[in-house]
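Read the structure below first, then the notes.
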Amino acid sequence: MNIRHRDAFRPASNNDALTPGARACAYLRVSTGRQAESDLSIPDQRKQIASFSKNKEWSLVAEFVEPGASAMDDNRAEFQKMIERATDDDRPFDVIVVHSFSRFFRDAFGLEMYIRRLAKAGVRLVSITQELGDDPAQVMMRQVIALFDEYQSRENAKHVLRAMNENARQGFYNGSRVPLGYRTEENEKRGTRVKKKLAIDPSEAETIRLIFRLYRHGDGQSGPLGVKHTVTWLNQRGYRTRLGARFGVATLHTILTNSIYVGQWVFNKRDSRTQREKPVDQWITIEVPPIIERAEFDAV
């Protein structure tokens with residue numbers, strides 16, 4: 001009884017999924033939106049996986065593409081769709097093919113956890129650049145590779161954050177979403193890199209001033225509107241966010257409490273992964289053109 005239970009959940013052997021005619025699913029990923037927009041890595045991964053599958057005589061029956069998503073966790077829409085589909089009762093895939101294990105996961109524990117989950121469904125994970133079997137030595141090699149990928153990812157993140165912090169200290173924009181009321185303008189070039197700073201967008205700035213005025217003073221027909229009534233007033237008159245969405249309570253609250261509108265843009269305030277607030281001594285405050293006077297902001 002115990003032997004059957006153990007064998008039922010062992011990883012698929014090298015021959016289980018690597019026979020000609022296997023049904024393959026491709027997973028393609030790049031880590032940043034900029035890489036996705038450059039359209040280089042995804043097509044290259046697709047081309048190499050297609051060639052690899054053809055040589056193995058596998059049928060590529062599905063493809064999941066994740067543009068601009070980190071592999072340090074499983075908070076990826078296409079990744080989750082793929083895992084759910086791969087573990088469905090109708091068993092649509094025999095193998096998931098990736099360019100390298102780091103495309104699938106950059107966390108050693110997460111990689112092993114999902115490999116085991118897929119194995120229970122009879123699905124094998126194959127890297128076209130790191131072909132490994134399931135004997136103990138090769139499993140250990142895969143785990144070593146995963147640990148190195150995780151270490152490298154964390155080191156790269158530290159270097160990137162250090163560079164972004166220095167860029168912010170010099171007053172330059174780092175590429176996050178620009179708050180309503182501002183736009184970016186090219187400030188200088190350093191080699192091939194274009195350095196940008198935030199500047200006031202005249203049209204959107206009027207909307208910001210209107211929001212503060214409505215909240216504190218009202219529209220001339222009544223007293224101060226407050227958050228909910230300001231949201232209703234804006235939406236009824238066709239005002240929209242930069243993304244074309246209707247205003248909401250959370251959006252308006254963020255605007256009314258954002259110190260950028262008095263000329264203080266705070267960078268490195270929250271952890272990008274957990275969204276937890278960092279210690280104040282790690283914040284970087286950058287001066288930008290103000291839209292709202294300090295007295296008005298403080299009163300609001």
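We did not get these values from a lab; they are worked out from the coordinates using the rules stated. This one's a predicted model, so the numbers in the text were calculated from it and none came from an experiment. Glycine gets a Cβ as well: all are built from the backbone with ideal geometry, and neighbour counts include every protein chain shown.
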Between the DSSP loop rule and a limit of at most 11 other Cβ atoms within 10 Å, which trypsin sites (Lys or Arg not before Pro) in region 222-258 are left?
-> Arg237
Along the charge dipole of region 182-299, which of Val194, Val249, Ile291 sits closest to the positive end, that is, farthest toward it, with unit charges on the beta carbon of Lys, Arg, Asp and Glu (+1, +1, -1, -1)?
-> Val194
Protection proxy (average C-beta count within 10 Å per residue), highest first, orders 22-28, 84-90 as 22-28, 84-90
Starting from the Cα of Lys81, draw a straight line to each of the lysines and keep only those under 18 Å, dropping any in the same chain fewer than 8 residues away.
-> Lys120
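Can you tell me which of 204-215, 184-195 comes out highest on packing, and rank the rest after it, using the mean Cβ neighbours within 10 Å?
204-215, 184-195
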By per-residue mean of other Cβ atoms within 10 Å, what is the highest-first order of 97-106, 262-271, 119-128?
-> 97-106, 119-128, 262-271
